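Trainee: Shown below is the structure under consideration.
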Amino acid sequence: MSPTPVRRVVANLSVTDPAVDTPFWTGLLGLETAMDQGWVVNHRAADVTMPVQVQLVSRDATAPVEAAVSVDVGTPETVDELHARAVADGLRVEHPPTDEPWGVRRFFVRTPGGVVVNVVAHR
């Protein structure tokens, strides 16, 4: 078995308005806002060894569905390799490999149980 390409896994929480929930994550729990695109806001713990992150998502700006989880696989090449494997395995791709304007390459794939996963890497 080859080593896992996974660098981090981030929960994507579906919310109506990320700005409404931001004070909970930054105030009560002390996370910092790492990214704010309006429709998606990423909060993280800055001073820990393991990545601790949560994303608040009101809608996806470019994909037809919303992902329940984002999995960072390290490199855009790995995104493409995993997309090819997903297709070969007969999995349902919900959003093709795409270079997004906010600096990532990603695709969405549905697990056999129906969970939509955002497979992503920063460019």
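Laboratory data are not the source of any read-out in this text; all were calculated from the coordinates shown. None of the values given here were measured: they were computed from a predicted structure. Here the Cβ positions follow ideal geometry from the backbone for every residue, glycine too, while neighbour counts run over all protein chains shown.
Trainee: Averaged over all directions, how much area does the convex hull of the C-alpha atoms of the range 1-62 cover when projected, in nm²?
Mentor: 5.4 nm²
Trainee: Can I ask one more? Tell me, what is the percent relative contact order of the range 13-65, built from C-alpha pairs under 8 Å that lie six or more residues apart?
Mentor: 37 percent
Trainee: Between the helical axis of 76-88 and the dominant principal axis of the chain, each derived from Cα atoms, what acute angle in degrees is found, rounded to the nearest 10?
Mentor: That helix lies at roughly 50 degrees to the long axis.
Trainee: Hey, another quick one. What residue among THR16, THR75, THR98 shows peak mean-square fluctuation when the chain is described by a Gaussian network model with Cα springs under 10 Å?
Mentor: THR16
Trainee: What list do you get for HIS83, HIS43 if you sort them by fewest beta carbons within 10 Å?
Mentor: HIS83, HIS43
Trainee: Show that you can apply the helix-only estimate: for the chain, add -39,500 (n - 2.57) for every DSSP H stretch of four or more residues, divide by all residues, and state [θ] at 222 nm to the nearest 500.
Mentor: After summing the helix terms and dividing by residue count, I get -4500 deg cm²/dmol.
Trainee: Bin all alpha-carbon pair distances of the range 8-122 at 10 Å intervals from 0 and give each bin's fraction as a whole percent.
Mentor: Cα pair-distance distribution for the range 8-122, in percent: 14, 45, 31, 9, 0.
Trainee: Another one. Using DSSP, restrict attention to beta bridges with both residues in the chain and report what percent are antiparallel, rounded to the nearest 5.
Mentor: Expressed as a percentage, antiparallel bridges in the chain total about 75.
Trainee: Then there is this: Is any residue of the range 32-65 close enough, with backbone N under 18 Å, to a label point placed 7 angstrom from the Cα of ASP17 along the Cα-Cβ axis, and if so, which?
Mentor: Those under the cut-off are 36-42, 56-60.
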